Amino acid sequence: MTSTDTGQRRRGSDARPVITELIDEMTILAIAEEAWVSLVGEDEVLVPIPSELPGDILSSWVDVVGPWTGSVVLTTGRATAEELSRALLRESAPELLDDEDVADAFGEIANVVGGSIKAALPGPSGLSLPQVGNAPLVRNAGDLCRVDVVWRGEPLTISVQGALPPLPVPTPSRENEVPL
Amino acid sequence: MKILIADDSRVMRQIVIRTLRQAGYDDHDIVEAEDGADALAKVGSEQPDLVLSDWNMPNMSGIECLQALRASGSAVPFGFVTSEGSPEMREKASNAGALFLIAKPFTEDTFREHLDGVIA
């Protein structure tokens, strides 16, 4: 990512595959279901039906950098992110969750889902630490694979979205990011 | 037996401890470290019998911790518990001296499969 931006590099970028050539919705759903069973609980189900996200949402994501570069983003209502965090913490969940608990737990789910998606993509690739906040913008609608699910009756989306073309840095979408 | 669990996520450390218990390894001392540098220091101070470490962590990654341990002469048994489960990461882990790599998401069966024979 820090190498000199030569014409050769640009031509190489142009030849990059888009995510829909590399993975499909069913694979993403299967990966998410496996993560849910392991982290959230054996009886936890993700139902693949589209549903409207509420107004107050929170995202967690990891970046994948390699032959395909982009982000794996989980987005759900803030209250659902808190419920998910409680489900992960189980008996050790405090009565009142703070932002750090939610960032830790919701970020870890993105980390596990993102790591499995990265393993299903061409490598070698790097995986970033998870971030929580306002999701990175979708740069290219053609380089996007999104799965809408419902967990415990609440909507949640899993978006695998390309990072090209680049946006100016810093991006407004990350202003409210919570460092982990 | 003393087991050092290194992960920058407090939630994941708790899940690893819970899974160890569910897998039947419930009679061991647990020490926690919040990154590779903390793990490296605690291998020295706590003398664990086994290290279970995440890969991607701030300050010092799990693989950097393992390399630093081996460079210092420590032969402490070391395994990864990480979302980095690709073949190239497994090869890197093995080449650095890791005994095993458990990919997240895991189950208690995955733990038993890798830890039987490692944990007494």
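The values are calculated or read from the model by the stated rules, or taken from the named source; none is laboratory data. On a predicted model such as this, the values are computed, not experimentally measured, just so you know. Don't worry about glycine lacking a Cβ; one is built from the backbone with ideal geometry, like all the others, and counts go over all protein chains shown. Keep in mind that these areas ignore ligands, DNA and RNA; they rest on the heavy atoms of the full protein, side chains included. Shrake-Rupley method; radii C 1.70, N 1.55, O 1.52, S 1.80 Å.
Points to keep in mind about this one:
- The mean number of Cβ atoms from other chains found within 10 Å of a Cβ in peptide A:59-69 is 0, as a whole number.
- Shielding by other protein chains, A:82-93, mean Cβ within 10 Å: 2
- Gaussian network model of chain B, Cα within-10 Å springs - most flexible of B:LEU52, B:LEU66, B:LEU20: B:LEU20
- For peptides A:111-120, A:23-32, sequence by mean Cβ density within 10 Å, most packed first: A:111-120, A:23-32
- Value at 222 nm in deg cm²/dmol, rounded to 500, when DSSP H runs of n ≥ 4 in the protein assembly as shown each add -39,500 (n - 2.57): -11000 deg cm²/dmol
- Förster radius 45 Å - calculated FRET efficiency between A:LEU164 and B:ALA68 (Cβ-Cβ, nearest 0.05): 0.80
- Global geometry of the protein assembly as shown, whether rounded, prolate or oblate, following the gyration tensor of its Cα atoms and the 1.5 cut on a/c: oblate
- Per residue of B:9-19, other chain Cβ atoms within 10 Å of the residue Cβ number 6 on average.
- Reach of B:LYS92 by Cα under 21 Å, taken over lysines that are not fewer than 8 positions away in the same chain: A:LYS118, B:LYS104
- Of all accessible heavy-atom area on the range B:2-115, the percent that carbon and sulfur account for (1.4 Å): 44 percent
- Accessible-area loss of 40 Å² or more (1.4 Å probe, protein heavy atoms, chain alone versus all protein chains) is found in the range B:20-62 for B:ASN56.
- Compared with the direct C-alpha span, the chain from A:THR27 to A:SER128 gains 34.2 nm at full extension, assuming 0.36 nm per residue.
- Three-way shape label, chain B, alpha-carbon gyration tensor, a/c 1.5: rounded
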